[in-house]
Amino acid sequence: MRKAELAAPILREFPYRFETERLLIRGPQPGDGPRVREAVIESAKELRPWMPWAMEIADEVAYEKLIREGQLRYLSREDLWMLFFLKGSPTLIGTGGLHRIDWDVPKFEIGYWVRTAYGRQGYITEAVNGITDFAFTVLGANRVEIRCNKLNERSAAVARRAGFEHEATLRNDGRNHLTKALRDTLIFVKFPP
């Protein structure tokens with residue numbers, strides 16, 4: 001194969017799962033839909049101010065469809081949605097992954113949310129550190145970003161705890177999905193060690 005063909009995202013080989021100290025982080029698999037939906041239902045109150053997709057919770061069939069589409073996007077290297085499980089258990093504590101991928105750089109944006117019952121225990125910071133390490137050491141990232149609403153103090157705190165630096169604030173970058181007021185977006189960034 002030519003070098004250009006090897007660089008094609010679909011030809012990149014990398015794991016579908018990896019572990020951190022307390023977590024198993026893996027791509028979506030058939031059958032995960034009800035588990036993810038249950039976690040969203042339990043956490044809806046905390047998710048709704050920041051996640052437009054949590055405003056109305058779809059049924060189990062729709063969640064299973066999302067999971068299977070997420071698996072296809074992971075395998076095609078378009079979006080790397082990841083589920084976070086307590087190691088050695090079927091307990092889903094949140095999801096996240098690497099999004100807005102630009103394989104030419106390569107660069108990624110990390111997204112994340114935590115199930116309410118598992119918040120404030122360091123799990124999301126641990127997941128972000130694990131995903132960041134995966135991006136740098138396995139995927140060869142030259143840039144990893146975290147973006148969040150300026151008012152989302154908990155998300156910004158995760159970025160800071162994970163060693164990301166505040167690079168920019170995009171003023172009037174979008175509208176709040178609840179109030180339609182203009183909102184600012186914080187951009188945090190980390191570069192390879």
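Is it true that some residue in the range 125-141 is surrounded by fewer than 19 Cβ atoms within 10 Å (Cβ to Cβ), free of Cβ contacts under 8 Å to residues at least 12 places away in the same chain and closer than 19 Å to Phe84 by Cα? The answer is yes, given that some residue of the range 125-141 is surrounded by fewer than 19 Cβ atoms within 10 Å (Cβ to Cβ), free of Cβ contacts under 8 Å to residues at least 12 places away in the same chain and closer than 19 Å to Phe84 by Cα.
Condition check ((1) under 22 Å from Pro49 (Cβ atoms); (2) in contact with a Lys or Arg (Cβ under 8 Å, 6 or more places away or on another chain); (3) of a type in the set (Val, Ile, Thr)) across all residues:
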residue: Ile101; (1), (2), (3): no, yes, yes
residue: Thr116; (1), (2), (3): yes, yes, yes
residue: Arg120; (1), (2), (3): yes, no, no
residue: Glu153; (1), (2), (3): yes, no, no
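Applying the criterion of being touching a Leu at 6+ places or on another chain (Cβ under 8 Å) and either farther than 17 Å from Asn129 by Cβ or modelled with pLDDT under 95 (or both) to the residues of the range 14-37, the residue that is most open to solvent (accessible area, probe 1.4 Å) is Arg35.
Can we say Glu46 is touching a residue at least 12 places away in the same chain (Cβ under 8 Å), open to solvent by 50 Å² or more (accessible area, probe 1.4 Å) and within 27 Å of Ala156 (Cα to Cα)? Yes: the conditions hold for Glu46.
Is there any pair linking a residue in the range 63-79 that is among the hydroxyl-bearing types (Ser, Thr, Tyr) to one that is surrounded by fewer than 16 Cβ atoms within 10 Å (Cβ to Cβ), with Cβ under 7 Å and at least six apart or on different chains, and which? Note: pairs meeting the criteria are Tyr63/Pro34; Ser76/Ile10.
Can we say Leu98 is surrounded by 14 or more Cβ atoms within 10 Å (Cβ to Cβ), within 30 Å of Glu165 (Cβ to Cβ) and touching a residue at least 40 places away in the same chain (Cβ under 8 Å)? Yes. Looking only at residues in the range 154-173 that are at negative phi and more than 17 Å from the chain's Cα centre (by Cα), which one is most open to solvent (accessible area, probe 1.4 Å)? Per the criteria, the residue is Arg171. Scanning the range 101-123 for residues that are in contact (Cβ under 8 Å) with a residue 60 or more places away in the chain and not hydrophobic (A, V, I, L, M, F, W, C), we see that the one that is most open to solvent (accessible area, probe 1.4 Å) is Thr116. When Trp53 is tested against (1) closer than 19 Å to Gly119 by Cα; (2) in a helix (DSSP H, G or I); (3) under 16 Å from the mean Cα position of the chain (by Cα), only condition (1) is not met. Taken as a whole, the range 74-91 holds at least one residue that is more than 15 Å from Ala127 (Cα to Cα) and assigned to a helix (DSSP H, G or I).
The values are calculated or read from the model by the stated rules, or taken from the named source; none is laboratory data. Given the structure is predicted, the values throughout are model-derived calculations rather than measurements. Positions of Cβ are backbone-derived with ideal geometry, glycine not excepted, and every protein chain shown enters the neighbour counts. These accessible areas exclude ligands, DNA and RNA; they are computed on the full protein's heavy atoms, side chains included. Shrake-Rupley method; radii C 1.70, N 1.55, O 1.52, S 1.80 Å.
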